[in-house]
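Enquirer: Can you read through this structure? Questions will come right after.
The values are calculated or read from the model by the stated rules, or taken from the named source; none is laboratory data. All values derive from a computational prediction rather than experimental measurement. Virtual Cβ from ideal backbone geometry, glycine too; neighbours counted across all protein chains shown.
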């Protein structure tokens, strides 16, 4: 690792070096947008094709955990912004403090995500052979489901099966009820494939971000970052905000769209 | 036919210290951050993949010598054309000019000591190697039979070949492209020497800037698409599988959103090379500099919105087909702008038929044929007849081999004196260029006819009446192979025994020709200050040019 604010060989001035690093980060974020863009497109097209199944899938997510995570992540973006500000204004003691806070909040987010994934595993919502969208409505005790919630879910699934059965009837299926149930299960599985794909890729970015924060914390504790030299804090900050913004899109798309029906 | 008197005094000596002898040992190469050494590493690795892909191509052509093809089984034939495509497209054509020539000359052209991110540059080479290793593993353990397009659900469910490692390899390799593009964009923005304004950038740099935009915007999409297809194969998910409600056509849309612009990744850098070669050997400033620069950006932008012309027969709506057909015609406009400007540059030039110029002139002819036949395919009615026939194969080989590889070899010859400090044997090189041109046309022109007559692509078999044309094509491929082996031999020979080139043997006007050949590790003894316009021969007495060629652009309807 080079010394604080050292000029690399290929540059003429420190300003040029800083500008280069910053531009590089922005271009990298553009590639990231396109990377997630492919997933968002796949999601949108399938959501448009199977609104019922995707609605049911979305309503099976735990809104409290999702909302809690959104708050945690926005708070971490705030602490990240504060650490960038501290570096830019040479508050050397504050930089590591805010970075540690950011890392802690990021870890809370990932911890909650683990709880959510575990829950989906227990509820047979992991795509694969044992995927069963009706599992919770058939085994309410295993999912802590009771009262109005249980009735709502049963009703929703029944309506979903009927909608798919109507579609199957139009295509001349001999046993529309059976075909409809299978279709709903398949399309809900598609929803959960996308759910795990999108949140998984997002979580992967969070883990990379956590690694970067850890490195920054070690550097910041040595007092490396001040008004003259703060490019790494700045760039990791940009990255962290980007990952945050991806979640800001994921949360409504995955959790919220069909809530008004429930 | 005039030939150049190369401006190389007999007394010219190799510079005492340069990037090749600055440090020694395998570590100094494998851990180098010098863009010139990384370019050499790329040169070796892409050449390796070129021969891997070439081997598959030879087997394909031998198999097609006779109807019924006795060389390999149909299954093996499927693997041969797939592996040929994957090796050539992802591991040769896409990195070839940017990662070898672009890497070597862009920093020198703009008067910089290195790219903006030298370590990332080295990283992208290692990523390329890792991706390449996965793909070679796939070739070695069962091969790949999906076609280079990896259409689902064949690739994600039905294929019994080693699709997973290949998909992982191409996914990884994508990041090598992304990082190269990122590096070039930032370098052009921030690393230019004093006086190197945007409108003084060599057209080679403009072409690479446009290419980098495609790298950065397109490659992430193919990465996520192949990731989804790979996940679907590994975990039986349903993104593109109709059985789960997924949409295989969506895969095609996402795939071509990258893979059509990828064609421009292959051809734009070659156009950049030609834009350097033509003015140098016509001894005349390029005609319409700003139009050529803008047309590179135009191709990159319009190239992103033509992808569905690969899918006219998928049952897409007529309205969208008409729109994509129109946009495909539109992208021909900036390409034509380039061709017209190159020919206008030749007009009244003092043309020297050195080897790079032979490749340059060959490029203009072959690219024009390749481009115009692309317009045949953009016609909605005609495409129904020509879709998935050898006409398509011939069309894109005219662009990729006749265009991109001609440009690549032209560029290799043009900058060889700068890269190695020595000249290649000129007469042998001219013969090789002509052999290549003849071999190429003999290989691929018959395929236009075959396709028009209805021979489908990717079939291991054909009816007997197509044999004559297929034999011609195979004969051409043999000549083509000889044409590729010749430069391998004499370029290698010249690294040791070639005549010392000196700083500027052609002479050419770019900044890269003002420094030593081969350059120092830092490229320049002192930071150059650019006080001349690019391609200006008139105010450059130090180039030592005398003669009668006009040194200014001549209007096309001047005095005749």
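Enquirer: Just checking, how many residues over the range B:157-170 are under 26 Å from residue B:388 (Cα atoms), part of a helix (DSSP H, G or I) and touching a residue at least 40 places away in the same chain (Cβ under 8 Å)?
Expert: So the answer is 6.
Residues checked against (1) free of Cβ contacts under 8 Å to residues at least 12 places away in the same chain; (2) surrounded by fewer than 23 Cβ atoms within 10 Å (Cβ to Cβ); (3) more than 8 Å from chain A (Cβ to nearest Cβ); (4) under 28 Å from residue B:156 (Cα atoms):
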| position | (1), (2), (3), (4) |
| --- | --- |
| B:196 | no, yes, yes, no |
| B:213 | no, no, yes, no |
| B:219 | no, no, no, yes |
| B:228 | no, no, no, yes |
| B:237 | yes, no, no, yes |
| B:240 | no, no, yes, yes |
| B:244 | yes, yes, no, yes |
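Enquirer: If I ask for residues that are part of a helix (DSSP H, G or I) and farther than 28 Å from residue B:232 by Cβ, which ones from the range A:144-158 would you list? I'd like the intermediate steps shown before the answer.
Expert: Residues of the range A:144-158 part of a helix (DSSP H, G or I): A:147-158.
Passing the criteria: A:147, A:148, A:149, A:150, A:151, A:152, A:153, A:154, A:155, A:158.
Enquirer: Please work out which one of (1) modelled with pLDDT under 95; (2) assigned to a loop (DSSP other than H, G, I, E, B) is the condition residue B:28 fails and give its number.
Expert: (2)
Enquirer: Taking the range A:102-133 as the region of interest, how many residues are in a helix (DSSP H, G or I) and over 24 Å from residue A:150 (Cβ atoms)?
Expert: Going residue by residue through the range A:102-133, those that are in a helix (DSSP H, G or I) are A:102-122.
Still in the running and over 24 Å from residue A:150 (Cβ atoms): A:102-114.
Of the residues in that region, 13 qualify.
Enquirer: Scanning for something surrounded by fewer than 23 Cβ atoms within 10 Å (Cβ to Cβ), closer than 30 Å to residue B:356 by Cα and either within 14 Å of another protein chain (Cβ to nearest Cβ) or touching a residue at least 24 places away in the same chain (Cβ under 8 Å) (or both), does the range B:141-156 turn up at least one residue?
Expert: No, every residue in the range B:141-156 fails to be surrounded by fewer than 23 Cβ atoms within 10 Å (Cβ to Cβ), closer than 30 Å to residue B:356 by Cα and either within 14 Å of another protein chain (Cβ to nearest Cβ) or touching a residue at least 24 places away in the same chain (Cβ under 8 Å) (or both).
Enquirer: Going by what's in this entry, would residue A:184 be described as surrounded by fewer than 17 Cβ atoms within 10 Å (Cβ to Cβ) and in a helix (DSSP H, G or I)? Break it down stepwise before answering.
Expert: Details: surrounded by fewer than 17 Cβ atoms within 10 Å (Cβ to Cβ): no; in a helix (DSSP H, G or I): yes.
It is false that residue A:184 is surrounded by fewer than 17 Cβ atoms within 10 Å (Cβ to Cβ) and in a helix (DSSP H, G or I).
Enquirer: I need a count of the residues in the range A:28-79 that are under 13 Å from the mean Cα position of the chain (by Cα) and within 26 Å of residue B:219 (Cα to Cα).
Expert: Looking only at that region, the number is 3.
Enquirer: Can you pull out every residue in the range B:470-501 that is touching a helix residue (DSSP H, G or I) at 6+ places or on another chain (Cβ under 8 Å) and either within 14 Å of chain A (Cβ to nearest Cβ) or outside any helix (DSSP H, G or I) (or both)?
Expert: Taking the range B:470-501 and keeping what is touching a helix residue (DSSP H, G or I) at 6+ places or on another chain (Cβ under 8 Å), we get B:470, B:472-484, B:486-488, B:490-491, B:494-495, B:498, B:501.
Scanning the range B:470-501 gives B:498, B:501.
Enquirer: In the range B:71-96, how many residues are in contact with a helix residue (DSSP H, G or I) (Cβ under 8 Å, 6 or more places away or on another chain) and in a loop (DSSP other than H, G, I, E, B)?
Expert: 2
Enquirer: While we're on this one: Determine, yes or no, whether residue B:188 is modelled with pLDDT of 95 or more and within 8 Å of another protein chain (Cβ to nearest Cβ). Break it down into steps so the answer makes sense when it comes.
Expert: Working: modelled with pLDDT of 95 or more: yes; within 8 Å of another protein chain (Cβ to nearest Cβ): no.
It is false that residue B:188 is modelled with pLDDT of 95 or more and within 8 Å of another protein chain (Cβ to nearest Cβ).
Enquirer: I'm checking my understanding of the structure. Among residues of the range A:8-44 that are more than 7 Å from chain B (Cβ to nearest Cβ), in a loop (DSSP other than H, G, I, E, B) and in contact with a helix residue (DSSP H, G or I) (Cβ under 9 Å, 6 or more places away or on another chain), which one is modelled with the lowest pLDDT?
Expert: Checked the range A:8-44; the qualifying residue modelled with the lowest pLDDT is A:8.
Residues are listed down the side, and each one gets a yes or a no for (1) crowded, with 24+ Cβ neighbours inside 10 Å; (2) at pLDDT 95 or above:
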site	(1), (2)
B:272	yes, yes
B:285	no, no
B:291	no, yes
B:295	yes, yes
B:324	no, yes
B:327	no, yes
B:340	no, yes
B:350	no, no
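Enquirer: Could you check residue A:235 against (1) at pLDDT 90 or above; (2) within 14 Å of another protein chain (Cβ to nearest Cβ); (3) over 23 Å from the mean Cα position of the chain (by Cα) and say which number it fails?
Expert: Of the numbered conditions (1) at pLDDT 90 or above; (2) within 14 Å of another protein chain (Cβ to nearest Cβ); (3) over 23 Å from the mean Cα position of the chain (by Cα), the odd one out for residue A:235 is (3).
Enquirer: Residue check, residue B:232 against (1) in contact with a helix residue (DSSP H, G or I) (Cβ under 6 Å, 6 or more places away or on another chain); (2) within 27 Å of residue B:367 (Cα to Cα); (3) facing chain A (nearest Cβ under 10 Å), all met but one. Which one?
Expert: (2)
Enquirer: Now for a different question. Out of curiosity, is residue A:89 surrounded by 17 or more Cβ atoms within 10 Å (Cβ to Cβ), more than 14 Å from chain B (Cβ to nearest Cβ) and over 30 Å from residue B:520 (Cβ atoms)? Break it down into steps so the answer makes sense when it comes.
Expert: Values: surrounded by 17 or more Cβ atoms within 10 Å (Cβ to Cβ): no; more than 14 Å from chain B (Cβ to nearest Cβ): yes; over 30 Å from residue B:520 (Cβ atoms): yes.
For residue A:89, the condition - surrounded by 17 or more Cβ atoms within 10 Å (Cβ to Cβ), more than 14 Å from chain B (Cβ to nearest Cβ) and over 30 Å from residue B:520 (Cβ atoms) - is not met.
Enquirer: Inside the range B:99-122, can you point out the residues that are within 22 Å of residue B:194 (Cβ to Cβ), within 14 Å of chain A (Cβ to nearest Cβ) and either under 17 Å from the mean Cα position of the chain (by Cα) or in a loop (DSSP other than H, G, I, E, B) (or both)?
Expert: B:106, B:110, B:111, B:112, B:113, B:114, B:115, B:116, B:117
Enquirer: May I pose another question? Out of B:148, B:125, report the one residue that is closer than 27 Å to residue B:264 by Cβ and not in a helix (DSSP H, G or I). Walk me through it before giving the result.
Expert: Details: B:125 fails: not in a helix (DSSP H, G or I).
Matching residue, one of B:148, B:125: B:148.
Enquirer: Further question on the same structure: Could you please find all residues in the range A:118-130 being closer than 14 Å to residue A:65 by Cα and crowded, with 16+ Cβ neighbours inside 10 Å? Lay out the reasoning, then the answer.
Expert: Initial filter on the range A:118-130 (closer than 14 Å to residue A:65 by Cα): A:118-120.
Selection gives A:119, A:120.
Enquirer: Still on this structure: Would you mind telling me which numbered condition in (1) surrounded by fewer than 15 Cβ atoms within 10 Å (Cβ to Cβ); (2) within 14 Å of chain B (Cβ to nearest Cβ); (3) within 21 Å of the chain's Cα centre (by Cα) residue A:171 fails?
Expert: The single condition residue A:171 does not satisfy is (3).
Enquirer: Given the structure, is residue B:177 part of a helix (DSSP H, G or I) and either on the phi < 0 side of the Ramachandran plot or surrounded by fewer than 24 Cβ atoms within 10 Å (Cβ to Cβ) (or both)? Break it down into steps so the answer makes sense when it comes.
Expert: Working: part of a helix (DSSP H, G or I): yes; either on the phi < 0 side of the Ramachandran plot or surrounded by fewer than 24 Cβ atoms within 10 Å (Cβ to Cβ) (or both): yes.
Criteria met by residue B:177.
Each row is one residue, and each column tells you yes or no for (1) under 22 Å from the mean Cα position of the chain (by Cα); (2) surrounded by fewer than 20 Cβ atoms within 10 Å (Cβ to Cβ).
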{"site": "B:356", "(1), (2)": "yes, no"}
{"site": "B:372", "(1), (2)": "yes, yes"}
{"site": "B:375", "(1), (2)": "yes, yes"}
{"site": "B:379", "(1), (2)": "no, yes"}
{"site": "B:382", "(1), (2)": "no, yes"}
{"site": "B:388", "(1), (2)": "no, yes"}
